[in-house]
Amino acid sequence: MRKKTKSVSYSAGNTTLIAGGTHVVGDIHFSGNLEVEGQVTGNIVAEEDSGARVRVLPEGRVVGDVRVPEIVINGHIEGDIYSSSQVELADKAVVEGNLHYVLIEIEKGAQMNGNFVHQKASDRSNEEPNKVVVLENIAESGHESTSS
């Protein structure tokens with residue numbers, strides 16, 4: 001059995017704790033570290049190049065999208081996850097949504113109900129994936145070919 005040698009390290013900066021029994025409603029914008037033991041109903045967003053990190057602990061729950069460079073999940077997330085650096089799904093992780101990642105580690109017991117979407121390290125996680133570009137139909141635009 002492989003032994004885990006390195007986990008996602010703490011980010012430089014302050015640590016914010018959402019303690020068990022606490023329910024935050026609304027979006028959270030932060031830098032540094034965010035630890036979720038309670039519940040967040042809303043999106044969690046960190047600056048792209050901030051090196052910020054979120055940990056969702058076993059009793060923690062997030063209902064909303066998470067956009068952060070590094071995330072460790074050992075609780076429950078209902079929403080899409082956009083990580084520009086590293087994702088770790090611990091053994092009690094439950095994710096219901098799509099997971100956009102550069103690097104990922106999954107422990108035995110983690111549950112994922114959604115799609116894994118690999119992105120290159122140069123991609124930005126705050127951009128909307130798969131943007132749709134509408135192309136004009138030449139026949140409908142009046143630029144029909146003039147062949148006689």
Does residue 130 count as among the polar types (S, T, N, Q), modelled with pLDDT under 95 and loosely packed, with under 11 Cβ neighbours inside 10 Å?
-> yes
Within region 73-89, is even one residue small (Gly, Ala, Ser) and modelled with pLDDT under 95?
-> yes
Do any strands (runs of 3 or more DSSP E) lying entirely in region 65-109 carry at least 2 residues that are surrounded by 19 or more Cβ atoms within 10 Å (Cβ to Cβ), and which ones are they?
-> 70-73, 76-78, 86-89, 99-101
Filter pass, residue 71 being within 22 Å of residue 121 (Cβ to Cβ) and either touching a Leu at 6+ places or on another chain (Cβ under 8 Å) or among the small types (Gly, Ala, Ser) (or both) = no
Please work out if residue 94 is among the hydrophobic types (A, V, I, L, M, F, W, C) and under 26 Å from residue 23 (Cβ atoms).
-> yes
Restricting the search to region 18-52, which residues are exposed (fewer than 15 other Cβ atoms within 10 Å of the Cβ), modelled with pLDDT of 95 or more and either assigned to a loop (DSSP other than H, G, I, E, B) or aliphatic (A, V, I, L, M) (or both)?
-> 19, 20, 21, 22, 25, 26, 27
When you scan region 68-88, how many residues do you find that are of a type outside the set (A, V, I, L, M) and farther than 15 Å from residue 118 by Cα?
-> 5
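The values are calculated or read from the model by the stated rules, or taken from the named source; none is laboratory data. These numbers were taken from a predicted model, which means no experiment stands behind them. Neighbour counts run over all protein chains shown; Cβ positions are idealised from the backbone, glycine included.
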